[in-house]
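The values are calculated or read from the model by the stated rules, or taken from the named source; none is laboratory data. As the structure is a prediction and not an experimental result, all values here were calculated from the model. With ideal geometry, Cβ positions are generated from the backbone for all residues, glycine too; neighbour counts draw on all protein chains shown.
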Amino acid sequence: MESSRLQFTLGLAVACAAIIVCLPLCLQAQTFTSLYSFCSVGNCTDGANPGGVIADTAGNLYGATIYGGASSPNWVGGGVVFKLTPAGDESVLYTFHNGVALDGYWPYGSIAIDAQGNLYGTTERGGAHSIHVPHGDGIAFKVSPDGKETILHSFGAFNSDGVEPFGGMVLDAKGNIYGTTYIGGVYAAGTLFKLTASGVETVLHSFTDNGDDGSGPQASLTMDSHGNLYGTTLGFSSPGTVFELTAGGSYQILHQFTGLGDGFAPLGSLTLDSQGNLYGTTYRGGNDVYPGAGTVFKLTSSSNGTWQETILYNFIQQTPNCQNPDGNVVFDTHGNLYGTTGYGGAFGGGCLFKISPAGKFTIVHNFGEGTDGASPTGNLVFSQGNLYGTTAAGGVNSQGTVFKITP
């Protein structure tokens, strides 16, 4: 176990002394709640394999599942958009149709919400066009609070349009919507796009994969208070990048990963602090033996416009260490940073971890024991003092969960 595990009181230590391995589990039982296990209704009509959640002001959670839904008699369906109350009651707002479907299917990315309660997202497949991939190049959609879907854009509308949007969407104050596609564009390496509220698309950047630019963006974008956008690219022939597109349209690479100690393959979205520093994770790399188990990193802007990377934590490829983070990190009100890894931990199902402002790493929960879920993925969110997230697998029916942590 990590030497920096949470410290226990003497009374708790005595109570657990008979079975030393119980120490982390005793703590987990106090803080962890599995709110919902998917595939609990019929043949996965409630969805299967979620990919993160967001919260509204009332504490309700919203997200999408990649598979499941009423359109298919089993978990292989086209996915759903769902709502989950703080008490754990789920309702399906929209079901996507699997196969050749104009309404899209397989929503991988996170969901965005506007002030009226409308939800926005993307599907990897489906839509009106199949220029690059069979069964549709993907769509951007809007789902109203009463469950009505509007297709904002079908990708692949022209040869240089983006294809396969994996990430979610972000909204600006004017109602414009921004996102990325994994491939497509002028150089077939992905795009960064803008949609108006009525669905008019502008391709803001085509990634080049030429060594100076990134390729294959998968994560949702992050927007600051000035309208500047920040994101990551996975990299087809390079270790990946962190980029910025200013509100004025200027594009620049803030950091190019080397594939060595600074990490590579950033899959999650970025988080901003109040000083404008960026935080994120890489799925691979770090100081461990190649290819590494990933990192948590911070990027700080200097006065001359360059950005400096600091590695906050290196994951290690050895059980029971946490391994391979692929989601975002989030701050609590005390400046602690929380994130998840998809693998590793005491039971092999991944971890939820915390890094204090002083840099202390703590495992908050080990996934994969019983029905608590496994392989946490997608965005975490704080709502009403609690931390919420999803697991892509595990749970009562092995098709993922929504969980709550009370720090």
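Exactly one residue out of 224, 212 is out of contact with any Ser or Thr (no Cβ under 9 Å at 6 or more places or on another chain), surrounded by fewer than 16 Cβ atoms within 10 Å (Cβ to Cβ) and at pLDDT 95 or above, and it is 224.
Being touching a Ser or Thr at 6+ places or on another chain (Cβ under 7 Å), within 23 Å of residue 385 (Cβ to Cβ) and touching a residue at least 60 places away in the same chain (Cβ under 8 Å) is not true of residue 354. From the residues in segment 237-294 that are among the aromatic types (Phe, Trp, Tyr) and under 19 Å from the mean Cα position of the chain (by Cα), which one is nearest to residue 326 (Cα to Cα)? So, considering only residues that are among the aromatic types (Phe, Trp, Tyr) and under 19 Å from the mean Cα position of the chain (by Cα), the one nearest to residue 326 (Cα to Cα) is 283.
Given the options 397, 328, name the one that is within 17 Å of the chain's Cα centre (by Cα), of a type outside the set (A, V, I, L, M, F, W, C) and in a loop (DSSP other than H, G, I, E, B). It is 328. Of the residues in segment 309-320, at least one is modelled with pLDDT of 95 or more, outside any loop (DSSP other than H, G, I, E, B) and over 30 Å from residue 250 (Cβ atoms).
Sort out which residues of segment 233-267 are of a type in the set (S, T, N, Q) and part of a loop (DSSP other than H, G, I, E, B), and write them in order of number. Those that are of a type in the set (S, T, N, Q) and part of a loop (DSSP other than H, G, I, E, B): 237, 238, 246, 250, 258. Being out of contact with any Phe, Trp or Tyr (no Cβ under 6 Å at 6 or more places or on another chain), at pLDDT 95 or above and either on the phi < 0 side of the Ramachandran plot or not aromatic (Phe, Trp, Tyr) (or both): is that true of residue 29 here? In short, no. Quick check on segment 357-374: of everything there that is in contact (Cβ under 8 Å) with a residue 40 or more places away in the chain and among the hydrophobic types (A, V, I, L, M, F, W, C), which residue is nearest to residue 397 (Cα to Cα)? Here the residue is 364.
The single residue among 314, 328, 304 that is crowded, with 24+ Cβ neighbours inside 10 Å, out of contact with any Pro (no Cβ under 6 Å at 6 or more places or on another chain) and more than 21 Å from residue 369 (Cβ to Cβ) turns out to be 328.
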